[in-house]
1. Which value, in Å² and to the nearest 10, is the accessible area of Arg222 when all protein chains are kept and the probe is 1.4 Å?
2. Which order do Glu178, Glu93, Glu58 take by accessible area at a 1.4 Å probe, largest first?
3. Using a 1.4 Å probe over the heavy atoms of the protein chains, calculate the carbon and sulfur portion of the accessible area of the chain as a whole percent.
4. Report Arg154's accessible area, 1.4 Å probe, all protein chains in place, as a number in Å² to the nearest 10.
5. How much accessible area per residue does segment 125-229 have, counting only protein heavy atoms and a probe of 1.4 Å, in square angstrom?
6. For the pair Trp227 and Arg160, how long in nm is the line joining their label points, each one 7 Å along Cα→Cβ?
7. How much solvent-accessible surface does Thr75 expose, in Å² to the nearest 10, with a 1.4 Å probe and all protein chains in place?
8. Remind me, relative contact order of segment 80-229 in percent, using alpha carbon pairs under 8 angstrom and six or more residues apart?
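The values are calculated or read from the model by the stated rules, or taken from the named source; none is laboratory data. Values in this document were obtained by computation on a predicted structure and should not be read as measured data. Backbone-built Cβ (ideal geometry, glycine too); neighbour counts: all protein chains shown. Note: accessible area is taken over every heavy atom of the protein model, side chains too, but ligands, DNA and RNA are not part of it. Shrake-Rupley method; radii C 1.70, N 1.55, O 1.52, S 1.80 Å.
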Amino acid sequence: MIEQDLRDKLIATPEMILEDRDLMKALIAANERAMGANVIDLRGIAMERLEGRLDRLEDTHRSVIAAAYENLAGTNLIHRAILQMLDPLGFEEFLLNLSIEVAQTLRVDCIRLVLETAQRDADPALGRLGEVLHVAEPGFVADYVAGGRNVPLRPVTLRRTLPDTVLYGEASPGMASEALMRLDFGRGRLPGMLAMGSADADHFKPTQGTDLLAFFAGVFERTMRRWLS
């Protein structure tokens, strides 16, 4: 027998039982045993199906919430990186800051700016920029992004790094994935590319969204146009 105090409490607040999933399952199972094996209680079957749908719905909600938090965190990182990118007042400082502070904020191991040029003589001033600036021949950006394949070029490409890449200088052997952002510097200028490399093979994957990186590349592109002019 149930103690009178507990019985009175359950009668006064029956939702305590209704909201307890395990207790409800135990009561339904006991009811089925009492009815015998020849009677099928459709209520128990319906409840099991509803529980399955509820579990799937909860999993979906958790996935959506996790994706929303991840997207918000990524947006905050991009905003911080853009503010850091706009701080320097000189071009050399702008590029060096890109490879240090901006790279740390975006949690990547290497950032390289690729500029195509038809000039064959190296400018001595470029030596002061270290490896952050990679000067290449015309057509390099399209060839590198395509990776030797006949595919349409997207504004942002996420992938594993090419086995024979030398884009990241001495750090190239350690780069496992990369984000490639094509840059348009305006009419009459050769294209460029901003490359981010990571030692983590899963840091940049083709299945990831590229909206935030496209926004970052758009800001960088417009900033570079002012420096080039």
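1. 120 Å²
2. Glu93, Glu58, Glu178
3. Working: 8350 of 15200 Å².
Here carbon and sulfur together make up 55 percent of the probe-accessible area.
4. Solvent-accessible area, nearest 10 Å²: 130 Å².
5. Details: 5780 Å² over 105 residues.
The answer is 55 Å² per residue.
6. So the two model labels end up 3.3 nm from each other.
7. Its accessible surface works out to 30 Å², give or take rounding.
8. Over segment 80-229, the number comes to 23 percent.
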